[in-house]
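> Can you read through this structure? Questions will come right after.
Nothing in this text is a laboratory measurement; each read-out follows from the coordinates by a stated rule. Model, not experiment: these values are computed from the prediction. Here the Cβ positions follow ideal geometry from the backbone for every residue, glycine too, while neighbour counts run over all protein chains shown.
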Amino acid sequence: MNERYDVVVLGLGAMGSATAAHVAARGGRVLGMERFGPAHALGSSHGKTRVIRQAYYEAPAYVPLLLRAYELWDDLERRSGEQLLLRTGGLMVGAPDSEVVLGSARSAREHDLAHELLDATDIRRRFPALRPRDGECGVYEPNAGALYPERCVLAHLQWAAAAGAELRFGMPVVSWAATADGVQIETKDGTVCEAQTLVVCAGAWLGRFCTSFAASVRAERNVMHWFRPRANAESFAVGRLPIYLIERAGEPVLYGFPDISGDGVKVAPHYTGDYTDPDELRRDVAPDEVAAMRERMMGWIPDAAGEHIASVVCMYTNSPDLHFVIGRHPEHANVVVAGGFSGHGFKFSSVIGEILADLAMLQETRHPIDLFAPARLIGQSATELAAEATRK
Ligand SMILES: Cc1cc2nc3c(=O)[nH]c(=O)nc-3n(C[C@H](O)[C@H](O)[C@H](O)COP(=O)(O)OP(=O)(O)OC[C@H]3O[C@@H](n4cnc5c(N)ncnc54)[C@H](O)[C@@H]3O)c2cc1C
């Protein structure tokens, strides 16, 4: 007889670690399987920091989930005794009609979130490291900040293990198959186990395990860079510089962090269009990629563009409309899918663990997830969906 679990979680990155923790904490018999080690740097959840913010430019529908995510991060901090979230404030900058500015202001207004509207002069005065152009403006929110992603994943894994989850690392899943009353999962060493529900949290590898989405969910190579400021180092300290996003016409959104723990100033582009097979990801960073980043910094945060410290490659998993893909598999009632986080999922991982535990154990959730319905991806090609998203 194969071992039978209430829930098997495929992938123990940001979403899978949180799911295993929530299922185990509710008394479910759960097995988590991860192909690499705990909190590894080969997927989407590494690189020291992740932005967390509430005035969500992507859509006001995310705000209730964010408010719950903050509560759950606080809860996980208490459980783990570790600091996971650093509140730095956040500044979203662009032309008055840019998506980042309009969308952030809209979410802040609709959900009554603490925020301030700043013009270019205010921004230069308050945050002297930054060089907004005349006519640019910003939405400042005091509750934004940074999460420490590796610590967050480890804290979820520790909570999961303490609550009784079985966690196996270095254990690639090769396939799953629906059975009459559940799902059978096979790992590379030939072991087969059974689950009432399989939760697929495979990150950039989602398409391998949900072939019906494979055409519409794509892995994108993204590079994070760290630099040592060349002047005015004090203006990059936590307390002086918030996390920021800046949108300028014709360029990818640029985002960055203050100098947290003396690691240097981290900056990165949001969406690059550099699509890749996740197993063939180019992990080295060419000198011209560093030079291009330095040049962009000159027009926004010039004193940060000093000595190059490091560059690290990571993967986004983009859905065509850049909204998440969360819910029951449209073709298999015993499979729950969580993927397509499109480069903005980490901050939600605490609440997504709760949602996936709901879906796996109760078949429903009180959280609003209609926007993320997996069924929207089936039968439509990536280009069709992207075109539809632009028309909206
Ligand atoms: C450069 C960069 C910057 C980002 N910045 C932000 C940000 O500021 N704020 C934010 O909210 N989000 C951000 N994101 C996005 C966020 O980090 C991701 O949405 C999130 O980490 C995705 O989590 P995941 O669990 O889906 O993927 P992962 O954490 O990658 O987990 C998937 C896991 O599945 C495992 N797996 C795959 N195949 C198998 C198999 N066959 N068997 C067993 N295990 C398997 C993988 O090894 C991996 O551990 C950023 C992402 C990147 C790359």
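> Using a Gaussian network model of the chain whose springs link C-alpha atoms within less than 10 Å, name the residue from 298, 92, 15 with the highest mean-square fluctuation.
Residue with maximal mean-square fluctuation among 298, 92, 15: 298.
> Nearest 10 degrees, 0 to 90: what angle lies between the long axis of helix 99-110 and the longest principal axis of the chain (Cα atoms)?
That helix lies at roughly 70 degrees to the long axis.
> How big is the Kirkwood radius of the range 1-153, worked out from every pair of different alpha carbons and given in Å to one decimal? Display every interim value, and only then the final one.
Working: mean 1/r = 0.0566 Å⁻¹.
When all Cα pairs of the range 1-153 are included, the Kirkwood radius is 17.7 Å.
> With all pairs of different alpha carbon atoms counted, what Kirkwood hydrodynamic radius in Å does the chain show?
On the way: mean 1/r = 0.0467 Å⁻¹.
Over the chain, the inverse of the mean reciprocal pair distance is 21.4 Å.
> Highest mean first, how do 114-127, 191-204 rank when packing is the count of other Cβ atoms within 10 Å averaged over residues?
Numbers: 114-127: 15.9, 191-204: 22.9.
So the peptides 114-127, 191-204, ranked by packing, come out 191-204, 114-127.
> Which value in Å is the Kirkwood Rh of the range 63-159 over different Cα pairs?
Details: mean 1/r = 0.0668 Å⁻¹.
Here the Kirkwood hydrodynamic radius works out to 15.0 Å.
> Related question: In what sequence do 175, 17 fall when counting other Cβ within 10 Å, fewest first? Show your work: numbers first, answer last.
Details: 175 11, 17 30.
Ascending number of Cβ neighbours within 10 Å: 175, 17.
> Of the beta bridges DSSP finds with both residues in the chain, what % are antiparallel, to the nearest 5? Write out the running numbers ahead of the final one.
Values: 52 of 74 bridges.
In the chain, approximately 70 percent of DSSP beta bridges are antiparallel ones.
> If you don't mind, there's one more thing I want to ask. For residue 121 and residue 97, calculate 0.36 nm times their separation in residues minus their Cα-Cα distance, and state this gained length in nm to one decimal. Write down the numbers at each step before the final one.
On the way: separation 24, 0.36 × 24 = 8.64 nm, distance 1.79 nm.
Computed gain between residue 121 and residue 97 is 6.9 nm.
> In terms of the ratio Rg/(2.2 N^0.38 Å) built on C-alpha atoms, what value belongs to the range 207-312? Could the numbers behind the result be given before it?
Details: Rg = 15.9 Å, N = 106, 2.2 N^0.38 = 12.9 Å.
That ratio works out to 1.23.
> For a quick protection proxy, order the peptides 313-320, 349-356, 157-164, 228-235 by their average other-Cβ count within 10 Å, most packed first. Before the final figure, lay out the partial values.
Numbers: 313-320: 22.9, 349-356: 27.4, 157-164: 18.8, 228-235: 15.0.
Highest-to-lowest ranking by the protection proxy: 349-356, 313-320, 157-164, 228-235.
> Between 214, 180, 249, which gets the highest mean-square fluctuation from a Gaussian network model of the chain, Cα cutoff 10 Å?
180
> Report relative contact order for the chain in percent, whole number only (criteria: Cα-Cα under 8 Å, sequence separation at least 6).
It rounds to 23 percent for the chain.
> Going by average Cβ density within 10 Å per residue, which order do the peptides 19-28, 104-113, 147-156 take, highest to lowest?
Working: 19-28: 24.7, 104-113: 18.6, 147-156: 22.5.
In decreasing order of mean packing, 19-28, 104-113, 147-156 become 19-28, 147-156, 104-113.
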